[in-house]
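*Asks:* I have a structure I would like to understand better, so I am pasting it below and will then ask my questions one at a time.
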Amino acid sequence: MSTIPEPAYGGAAPLAPSRPRRGQPRAATVTRLRVATHRNTLDAALAGGTERTRRPELALRADQLERPRHRRSLARTLRAFVDEASGPKPPVRATAIVISRAQIRAHADSVLALAARLDSQQPAGAAGIAIAQRLVTDALASPLYVSRDPKLLKALVDSAIAKMDADTTV
């Protein structure tokens, strides 16, 4: 009888290193790596209207953006922006990210409409989701972070919703 206690999860074997599955060509692994390292570029291309069929990386990234879990995550993030902008101003340096509170408050209804569209069960085109993704992740150019043209945020949100509705081919 062994004196070494068995782990609570039933003595499962350690995981083997990840390798391509049978029938899954090495090219698929390379495509996934390219998507992981070039997300921002691929998002910009999709947001700009590049067809997902032009490259396998674009098709894979579009599929990732269209996943319900990703859409819900984006919607939660947009709602959090509105909540933060609508609440009392935090003390100096209380947060690592500085948002454009005035712009977000001015267009809160539009941002919340985008969040609702992302949360809906309706199919949504990858181009529109990519615009929403870029709004959240591009801290150098997004009107959520940078105060510029006061109408830019509303224009981008409206464009995202329109492209989600227009490009619903899967």
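*Asks:* In whole angstrom, and with the biggest value first, how far do the Cα coordinates of segment 56-170 range along each principal axis?
*Replies:* Principal-axis extents of segment 56-170 (Cα, largest first): 45, 24, 23 Å.
*Asks:* Let me ask another. I need the calculated FRET efficiency for the pair Arg67 and Lys151, taking r as the beta carbon distance and R₀ as 35 Å, to the nearest 0.05.
*Replies:* 0.65
*Asks:* Let me ask another. Taking the beta-carbon count within 10 Å as an exposure proxy, list Leu112, Leu144, Leu33 from fewest neighbours to most. Walk me through the numbers on the way to the answer.
*Replies:* Working: Leu112 16, Leu144 26, Leu33 11.
Fewest-to-most Cβ neighbours within 10 Å comes out as Leu33, Leu112, Leu144.
None of the figures in this text is laboratory data; all of them are computed from the coordinates on show. In this text the structure is predicted, and so the values were computed from the model without any measurement. Quick reminder, even Gly has a Cβ in these numbers, built from the backbone with ideal geometry, and neighbours come from all protein chains shown.
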